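What follows is a short report on a single structure.
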Amino acid sequence: MAKTAARQPVPARRADAERNIAAILEAGTRLLGADPAASVADIAKAAGVGRVTLYGHFPSREALVDAVLDHAVGMADAALEDESLDTAPARDAMAGLLRTSWEVLDRHRRLFVAADRVLATERIREHHDRPLRRVRRLIERGQREGAFRTDLPLSWLVTTFFSIIHSAAQEREAGRLAATDVERVLVETMLSLLSRAETAAPS
């Protein structure tokens, strides 16, 4: 009887690949969060894998940064879970969401600088679809309660939230916005924009 060819267990290979991917994403988040110019070789070394292995999972720097950004946004989305978003007055909830979002983003702002260098803005926005659903839900509630304006498209208001907080990260990294001013600037800017048209104008 012919011998059956020996086969490497598929589950073992899959587990190794998953461990490597997890290590690469963790190293990428850490290194790109410290230095947007961190090299693929540095990330591979920090992950404990060879460059060939890294490129086997992420064939380009763009693909690697894209995956690392998705990983970081996923962690941020989990950190933003807060029951008060559905229970606190809409303006208070928005101020709290902005502060928490900035705390998370500030830890990763250099990763976003790295993403800006290799990814299209629309692709970066796509990665934020999950957390932005939370923003959309809150703005909708504020509109129903009469706290937020309804004369501008909801999608525009959500996009403005994304654009403002993303720009704050760029301004902070460039040194044009002081660390002590960011939260106040974000909250005052966004709440002013969301204010109902009849209350937004000076009295």
(1) surrounded by 15 or more Cβ atoms within 10 Å (Cβ to Cβ); (2) touching a strand residue (DSSP E or B) at 6+ places or on another chain (Cβ under 9 Å); (3) among the basic types (K, R): which one isn't true of R107, the others all being true? (2)
Quick one: M75 ticks every box in (1) under 17 Å from L32 (Cβ atoms); (2) crowded, with 17+ Cβ neighbours inside 10 Å; (3) not acidic (D, E) bar one, so which box is it? (2)
Of a type in the set (G, A, S) and within 22 Å of D66 (Cβ to Cβ), is that true of A114? yes
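Given segment 1-105, what helices (runs of 4 or more DSSP H) lie entirely inside it while holding 3 or more residues that are modelled with pLDDT of 95 or more and of a type in the set (G, A, S)? If you could, list the steps in order and put the result at the bottom.
On the way: elements: 10-34, 40-47, 51-57, 61-79.
It comes to 10-34, 40-47.
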So the check is Cβ under 6 Å with 6+ separation or different chains; which pairs have a first residue in segment 88-111 that's over 29 Å from G146 (Cβ atoms) and a second one that's open to solvent by 50 Å² or more (accessible area, probe 1.4 Å) and at pLDDT below 90? V104/A79; R109/E173
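With in contact with a strand residue (DSSP E or B) (Cβ under 9 Å, 6 or more places away or on another chain), open to solvent by 70 Å² or more (accessible area, probe 1.4 Å) and modelled with pLDDT under 95 as the only criterion, which of R196, R137 stands out?
Exactly one residue qualifies, and that residue is R196.
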Residue pairs within 9 Å by beta carbon, gap of at least six or interchain, first lying in segment 20-42 and at positive phi and without any contact (Cβ under 8 Å) to a residue 24 or more places away in the chain, second open to solvent by 20 Å² or more (accessible area, probe 1.4 Å) and of a type in the set (A, V, I, L, M), listed first then second, are none
Has segment 49-68 got at least one residue that is open to solvent by 40 Å² or more (accessible area, probe 1.4 Å) and of a type in the set (A, V, I, L, M, F, W, C)? yes
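The values are calculated or read from the model by the stated rules, or taken from the named source; none is laboratory data. Just so we're clear, the structure is a prediction, and the values are computed from it rather than from any experiment. FYI the Cβ positions are ideal-geometry reconstructions off the backbone, even for glycines, and counts take in every protein chain you see. Ligands, DNA and RNA are excluded from the accessible area calculation, which covers all protein heavy atoms including side chains. Shrake-Rupley method; radii C 1.70, N 1.55, O 1.52, S 1.80 Å.
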